[in-house]
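To start, the structure under review is shown below, and the notes come after it.
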Amino acid sequence: MITIALSKGRIFDETLPLLKAAGIAVREDPETSRKLILKTNRRDVRVIIVRAADVPTYVQYGAADLGVAGQDVLDEHGGQGLYRPLDLKIARCRMMVAVPNGFDYQRAVRHGARLRVATKYVQTAREHFAEKGVHVDLIKLYGSMELAPLVGLADAIVDLVSTGNTLRANNLKAVEEIAPVSARLIVNQAALKLRRSAIQPLLDAFARATA
Ligand code: PRT
Ligand code: MG
């Protein structure tokens, strides 16, 4: 059995066409079914539905052979035990620093101000500001980062931006790009070694579908 870990929402939706190109059709819709293990048209392939941030963990421990996870999630996880053969170029967005419209970020940085930064992406943010030599106090949040500067919890946030609508709706502006983000295929290293004949054809099909 080959187990593929996906998260509901954009990762699942944007991986479906790639699975299809590999000859795999998922039999149930995770948005309507409450099942966490989904059958496919292939008896030797199943899909499990986990939280986006948990995908690398399932693959790292071999509970799933393959998975699809955003670069943001992989950077926070660290990537131990994972082989990352392929950028799938799906679920694209940008990791950005954002501040309230009235806040002069460049000036604060020039003046060596100590900034309070709220984010779910603590590792990414720590590395980014250390590289820039900006002093920050990081505040770990689990979601809705956009709220933090509006209620005085933080001066700035580090978050993913795709259309920019969420920032605009909350009177925030992006002031710095940290990195472009897309989702990668990840593979359990041991599974690839021990069951290459079963797994490699899938990797090849994904590679053809994203080329
Ligand atoms: O939502 P949940 O708490 O279950 O988990 P999650 O947010 O980790 O998962 P999900 O499914 O929302 O995101 C999965 C992956 O999609 C992420 O790990 C990213 O790699 C990728 N991705 C692509 C995004 C976005 N685009 C995105 N726009 N993930 C989140 N967002 C959020 C962003 O955090 C912000 O709140 O959407 C909002 C901004 O969107 P715009 O369009 O208004 O700019
Ligand atoms: Mg989300």
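Hey, got a sec? Which trypsin sites (Lys or Arg not before Pro) in segment 60-169 land in a DSSP loop and have at most 14 other Cβ atoms within 10 Å? Could you put the intermediate results ahead of the total?
Details: sites: Lys89, Arg92, Arg94, Arg107, Arg110, Arg114, Arg116, Lys120, Arg126, Lys132, Lys140, Arg168; in loops: Lys89, Arg92, Arg114, Lys120.
Qualifying residues, ordered by number: Lys89, Arg114.
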Worksheet, complete the sentence: Phi angles of segment 107-118, converted by Karplus (6.51 cos²θ - 1.76 cosθ + 1.60, θ = phi - 60°) into ³J(HN,Hα) in whole Hz with x for Gly and Pro, give 5, 4, 5, 4, 7, x, 5, 8, 9, 8, 10, 9
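Quick one: what do you get for segment 93-180 if you divide its Cα Rg by 2.2 N^0.38 Å?
On the way: Rg = 11.6 Å, N = 88, 2.2 N^0.38 = 12.1 Å.
Ratio of Cα Rg to 2.2 N^0.38 Å: 0.96.
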Discussion item. Please report the antiparallel percentage of the DSSP beta bridges confined to segment 93-180, to the nearest 5.
Written reply: 60
Discussion item. Amide H of Leu153 versus every other amide H placed in the peptide plane: which residues, excluding those fewer than 5 positions away on the same chain, fall under 5 Å?
Written reply: none
Item to complete: Using amide H atoms built 1.01 Å from N in the peptide plane, name the residues 5+ places from Glu176, or on other chains, whose amide H lies under 5 Å from its own.
Response: Val97
Discussion item. Show me, for segment 86-96, the HN-Hα J-couplings you get by feeding each phi into the Karplus relation (A = 6.51, B = -1.76, C = 1.60, θ = phi - 60°), rounded to Hz, glycine and proline as x.
Written reply: 8, 7, 7, 6, 10, 6, 7, 6, 10, 7, 10
Worksheet item: Per the Debye formula with a single identical scatterer at each Cα and no solvent contribution, what log10 I(q)/I(0) holds for segment 55-133 at q = 0.14, 0.16, 0.17, 0.24 Å⁻¹?
Response: -0.62, -0.74, -0.80, -1.19
Worksheet item: Which percent, to the nearest 5, of DSSP beta bridges fully inside the chain are antiparallel?
Response: 65
Worksheet item: In segment 1-80, which trypsin sites (Lys or Arg not before Pro) fall in coil by DSSP and have 16 or fewer other Cβ atoms within 10 Å?
Response: Lys8, Arg27, Arg34, Lys35, Arg42, Arg43, Arg51
Worksheet item: Label Asn41 and Gln200 with points 7 Å out from Cα along Cα→Cβ: what is the distance between them in nm?
Response: 2.5
Response to the item:
Note to self, the chain gives a 222 nm [θ] from helices alone (DSSP H runs n ≥ 4, -39500 (n - 2.57) apiece, / all residues, nearest 500) of -9000 deg cm²/dmol
Item to complete: Work out the charge dipole of segment 27-98 with +1 on the Cβ of Lys and Arg and -1 on the Cβ of Asp and Glu about the Cα centre, then indicate which of Val55, Leu38, Met95 is farthest towards its positive end.
Response: Leu38
Response to the item:
Whole-Hz Karplus couplings 3J(HN,Hα) for segment 43-51, θ = phi - 60° and coefficients 6.51, -1.76, 1.60, Gly and Pro as x, run 5, 9, 10, 9, 10, 10, 10, 9, 4
Practice prompt. Arrange the following residues from fewest to most other Cβ atoms within 10 Å of their Cβ: Met1, Met96.
Written response: Met1, Met96
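FYI, it's all coordinate maths here, none of it is from the lab. What you see is a predicted model, and the numbers here were worked out from it, not measured in a lab. All Cβ positions, even for glycine, are placed from backbone atoms using ideal geometry, and neighbour counts span all protein chains on display.
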